[in-house]
Amino acid sequence: MFWHINTLCELKNLCLILLCFLSIPVSGKEDLKSLSEYLDRIIDNKQQFVGQKEQKINSLKNLLNEKDYSLKYEYEINQKLYAEYQKLKVDSAIYYAERNVQIAEMVGEANLKYSADITLASFYSYSGKFIESEAILKKIDSHDLPQSILGNYYEAYLLFYEHYSTMTGQSNYWQLINAYRDSLLSVLDHSSFGYKMNMVQKYMSSNETKKAEDLLYSLLDAEEENTPEYARITHSLAGIHGVNGKSELEKIYYIKSAIADVKNSIKENASFHRLALIYYNSGDITRAFKYTQSAIEDAVYSGVQFRTAEMSRFYSIINASFQADKVKKNGELKKYLLLISVLSLFLILLVGYIYSQMKKLSKIKEELSLTNDKLVELNKELNEKNDLLHDKNTQLWESNRVKEQYIAQFFDLCSTYIDKMEDYRKTLYKLGINRQYEELIKKLKSTTAVENELEELYSHFDRIFLNLYPTFVSDFNSLLAKDEQINLKAEDLLTKDLRIYALLRLGITDSLKIAGFLRCSMSTIYNYRTKMRNKAASDREEFEDLVMKIGMTRKIH
């Protein structure tokens, strides 16, 4: 029954995790940049992997809800539970290990008691309870242990001294560590993964890096990606490449190890610690801070004290550098905001200039009208006045051409400016996420500013266009069938249909530009134009040509 439930959980988790593999680069040569970006993405979503791990744990706990199970059955389930909790949450692992010590005492089997005590001692050393861990181990006489448990005993002592050395910063325990590793190697199966990984550590401690590297690559070839064993192999390979000065390979394998740790919900990990140091030393403070934060979150969550101690030694340094970098970037941000303010002022001045030009054009039109009235009475001076009228008409035509060019460029500039503002908001939003500025993110996520700018842009466009062609709406309706004419609401100057044809009247015939200005798709513009042609009172093929002639009578006059 247990095997069946466990298998279902593993299949479910495999399907969920498989989705994450699709975005990993699969080219022959590993792309460091792509791997780094992928790691950043799964860090932001690491809680989903914890959720998968908790589902598996809950399925195990549910097995203990059954009635009438034996103590030995509970002992076996507890072993599986603390194996799952070991590198996720050590306090929970300790709880089930302590329960197994109680069960072993109740059952009265010495080997069960030895195994439970050794496991509990290992978990105590992970959590920083070194006094309790050492007390348990000292009570056990290795001569009383069977061969099957002896390896666990040596490994528990090995871990105890490694954790204690890391926690206290003392390096005088390496002889004991090496001695217990030798004892462990003497009882392990030479074909086992544990034996080979301990041989790697032995080679490393004796500076035989080439042997360690060859052994690790042979293990890597036989191991599937993103397993806990894969994480350990790639972590060790990264360390060797770091010793050999191969910095790019060092980063690649630490990143692979970190990815595997996240996917297996291994909170007791060292790869983030190493990556934070590497990126800090290379000047990438933002990424160093991100990995430091992730490592500390994992260490605190898991309750593994020696990892917390490791991170605390340089967290303040990285944090100070990150804050200094943030201050520098804030200064740059202020410069950019100042530049945007200057550009905004320039746009306002440009609008004022165009408005003054329009007033001048209007004045010219009035003067031209008076001149034409006088021409009727001054037939004797017809030749001179005709020449003058020709000059004025030429001037007016040229002014209108320039005017239309200015308007088209102005609205194109406004549209581009709104795009840039929106892109900039997205960029700031991502930066805010990386720095965890919650208030900044809330403000920058709002699209109200962009929508207001668009609304104001369209309002400006409508007013300016109708100043140029005040009879455009009525003239346009005259080209449509009576039952298809457009009735404007009191608050509207132009509808989207009218705005499309207003742009066409200004000479902007490119549907791509019209779609960009009105923030809609090419197909939408095409549909609007087709629908309006179908409503034409006369030949639909001539409809847009007639629209282009609206206002021409006034220009000729």
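The values are calculated or read from the model by the stated rules, or taken from the named source; none is laboratory data. Note that this is a predicted model, so its numbers are computed, not measured. Virtual Cβ from ideal backbone geometry, glycine too; neighbours counted across all protein chains shown.
The C-beta contact set for the range 40-59 (first residue part of a loop (DSSP other than H, G, I, E, B), second residue of a type in the set (A, V, I, L, M, F, W, C) and surrounded by 12 or more Cβ atoms within 10 Å (Cβ to Cβ), distance under 7 angstrom, 6+ apart or interchain) comprises K46/V262. Within the range 496-513, being surrounded by fewer than 15 Cβ atoms within 10 Å (Cβ to Cβ) and under 41 Å from the mean Cα position of the chain (by Cα) holds for K496, T509, D510, L512.
One line per residue, one yes/no per condition, for (1) at pLDDT below 80; (2) under 27 Å from L32 (Cβ atoms); (3) surrounded by 10 or more Cβ atoms within 10 Å (Cβ to Cβ); (4) hydrophobic (A, V, I, L, M, F, W, C):
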residue: Q293; (1), (2), (3), (4): yes, yes, yes, no
residue: K359; (1), (2), (3), (4): no, no, yes, no
residue: N372; (1), (2), (3), (4): yes, no, yes, no
residue: L388; (1), (2), (3), (4): yes, no, yes, yes
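Screening the range 54-84 for residues that are among the aromatic types (F, W, Y) and more than 25 Å from P228 (Cβ to Cβ) and picking the one that is modelled with the lowest pLDDT gives Y69. Pull out all pairs, ordered by first then second residue, where Cβ-Cβ is under 9 Å, the residues are six or more apart or on different chains, the first lies in the range 104-119 and is surrounded by 14 or more Cβ atoms within 10 Å (Cβ to Cβ), and the second is not in a helix (DSSP H, G or I). Pairs that qualify, where the first residue is surrounded by 14 or more Cβ atoms within 10 Å (Cβ to Cβ) and the partner is not in a helix (DSSP H, G or I), are Y114/I140; Y114/L145; Y114/P146; D117/I140; I118/I140; I118/L145.
Counting only residues that are free of Cβ contacts under 8 Å to residues at least 60 places away in the same chain and not in a helix (DSSP H, G or I), the range 477-513 holds 15 of them. Of the residues that make up the range 165-173, is at least one of a type in the set (A, V, I, L, M) and at pLDDT below 90? Yes, the range 165-173 contains at least one residue that is of a type in the set (A, V, I, L, M) and at pLDDT below 90.
Remark: S474 falls outside the filter, which requires a residue to be more than 29 Å from K359 (Cα to Cα) and of a type outside the set (V, I, T).
Total residues in the range 514-525 satisfying the condition of being surrounded by 13 or more Cβ atoms within 10 Å (Cβ to Cβ), assigned to a helix (DSSP H, G or I), without any contact (Cβ under 8 Å) to a residue 60 or more places away in the chain and not aliphatic (A, V, I, L, M): the figure is 1.
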